[in-house]
Amino acid sequence: MQRGACQAGLSFLAALTLASGPAYAGETLLGPARVVDGDTLEVEDTKIRVNGIDAPEKAQPCRNKSGKVYACGLDAKAVLEAKVGQTPVACEVKELDKFGRSVATCYANSGAGEDLGAYMVESGYAVAYWKYGTEYCPLHEQARAAKRGIWAGSFQLPSDWRHMPLDIDDVVGVPPPCPGPTAEVTNVQGDAVPADELPPNPQCPIKGNINAKGERIYHVPGGNFYDATSVEVSEGERWFCSEREAVAAGWRAAKS
Ligand SMILES: *[C@@H]1O[C@H](CO)[C@@H](O)[C@H](O)[C@H]1NC(C)=O
């Protein structure tokens, strides 16, 4: 009697904890998962942000191998849903992020299965979120080289898209390799480029320069004066993501 009441009290408390939102570092959540998007799960009413990866947002468009626009964010969600299936997941919570979501490494099949974050990066439907950790960089590089998933076509890094979505017509190519601590960026001649001469967004590499006569001229990578041109944002110079964008802003192409 006494014991039964105590157990009932405990499970009531446990239910309260689960329903109350975030789980904390060190906790493991085990339960059926609802896939919210390619990098977010809901386990027992707790929103879980999958650690170390970033998948395209549900509304984010990408372009496939033939250049056609498709809903890569919905594809990423479907890929994660297929992997999770109907079995519970186990999520080891690492921390709470600034949005109060629990950041966790989650495993399929009640914890006996694959690391879901690794799976998403390996299959090419999420990128390594290297700002928060480079553990999935090797898988990111494999997927990039093999052109798996979204790497088959063109896309903008999800973090860049959230911050400043490009017009889909301007999304050309793919994001750069996962930067390791010693990663070095080189120009077309193969010389190392100092970090302060790199575009803030690697997918917006066009340099908008104002010359001595006050003319606004843009330089594309590989152009004769590209490497010698610096972008002084404080003087009104700027980076562009596409020639279209530069022309629309009133800049003209460099002559050579
Ligand atoms: C790209 O998308 C178009 C339109 O959905 C489709 O017809 C085409 O087969 C796709 N190409 C590739 C290579 O996936």
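Only the coordinates and a few stated rules stand behind these numbers; no lab work does. Computed from a predicted model, the values in this text were never measured in an experiment. In this analysis, Cβ positions are derived from the backbone assuming ideal geometry, glycine residues included, and neighbour counts consider all displayed protein chains.
Some observations on this one:
- Peptides ranked, highest mean first, by Cβ atoms within 10 Å: ranges 53-65, 231-243: 53-65, 231-243
- Neighbours of Tyr125 by Cβ distance under 12 Å: Lys/Arg scored +1, Asp/Glu scored -1, total -3.
- Peptides 128-134, 75-81, 161-167, ordered by how many other C-beta atoms sit within 10 Å of their residues on average, highest first, read 75-81, 128-134, 161-167.
- Listed residue pairs exceeding 18 Å between alpha carbons, taken from Lys77/Lys131; Lys68/Lys147; Lys68/Lys131; Lys58/Lys98: Lys77/Lys131; Lys68/Lys131; Lys58/Lys98
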